[in-house]
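Undergrad: I have a structure here, written as C-alpha cells, and I will follow up with some questions on it.
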Amino acid sequence: MNTRSGITVRYLTVTAMLSAVAFVLQFLEFAVPFMPGFIKLDLSDLPALIGGFAMGPLCGVLIELIKNILHMPLSQTGFIGEACNFILGACYVLPAGLLYKHHKTKKVAVESSILGAICMALLSFPINLWIIYPFYIAVFFGGSTETCVGMYQTILPSVSELWQCLLIFNVPFTFVKAMISVVITLLIYKRISPILKGVRH
C-alpha cells in the first residue's frame, strides 16, 4: 500500500470511528434545569472537534453529517433536531479546524476551540430564529410561537418574544455546551492524537 492510499484509508477509518462515537453520544443526552424541556445537552460534538483537529476541518464536518444521518431513522423531531445539530456543529468545528490546520500549537488549539465555540453560539441565534424554530414551532406547537415562548416563560417570566428567548437562553447554552467539548478535547487530544494519526513513537 502506498503512502497516499494509507492516508486515505486512515482518514476514512478515523472519520467512521469518530462518527460512530458521536452517534452513541447523541443518546447520552439530558435536560438542564435552566432550559425548556425540549432542549437537551449532549457531547456528540466532541468527536467532531477531535476529528477536525486530527484529520482536518472537513473530517469534523463529515462526522457531524454522518452522525446525524445515522440518527435520522430514530428522530423524534421530524429531522429538525438533526438539521439543527448538523448546521450548528459545522459552524463549530469548521472554523476551529481551519485555524488549527495552519498553526498546530497548543496555544492555537485553545484559541481555535474557543473561536469555534463563539461562532457556534453567535450563529445559533439567526439560524434558530429564522430557520430551525419556525419549522419546529410549525410541527410541534401548531404554529403557535406563543406556546413555545411560554415554555421559556416558566423559567423567566419577563421574556415575551422568541428572539429574547433565543438570545437569553439558547446562545449562552450553546456556548457552554461547546466549551465543555473544548475542555475535554484539550485534556485528551494530545494523548489520542498519535493513535488517530497512526504516529509511532
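Undergrad: Give the label of the value calculated from the structure for Rg and Dmax of the Cα atoms in Å, choosing from (1) 15.7, 45; (2) 18.0, 64; (3) 19.1, 66.
TA: (2)
Undergrad: If you line up the long axis of helix 3-27 against the longest principal axis of the chain, both from Cα atoms, how many degrees apart are they, to the nearest 10?
TA: Its long axis makes an angle of about 30 degrees.
Undergrad: Which order, highest average first, do 95-106, 21-32 follow once you tally other Cβ atoms within 10 Å for each residue and take the mean per peptide?
TA: Order by mean packing, descending: 95-106, 21-32.
Undergrad: Oh, and also: Among the listed pairs Lys106/Lys177; Lys40/Lys190; Lys40/Lys67; Lys104/Lys177, give every one whose C-alpha distance is greater than 26 Å.
TA: Going by Cα-Cα distance, Lys40/Lys190 fall outside the 26 Å limit.
Undergrad: Given Cα pairs under 8 Å that are at least 6 residues apart, what percent is the relative contact order of the chain?
TA: Reported as a whole number, the value is 22 percent.
Undergrad: What are the aspartates and glutamates whose alpha-carbon lies under 13 Å from the alpha-carbon of Lys101, with same-chain residues fewer than 8 places away excluded?
TA: Glu111
Quick note: the coordinates plus some simple rules give every number you see, no bench work behind them. Remember, predicted model here, so these are calculated numbers, not experimental data. Every residue, glycine as well, gets a Cβ built from its backbone with ideal geometry; the counts of neighbours run over all protein chains shown.
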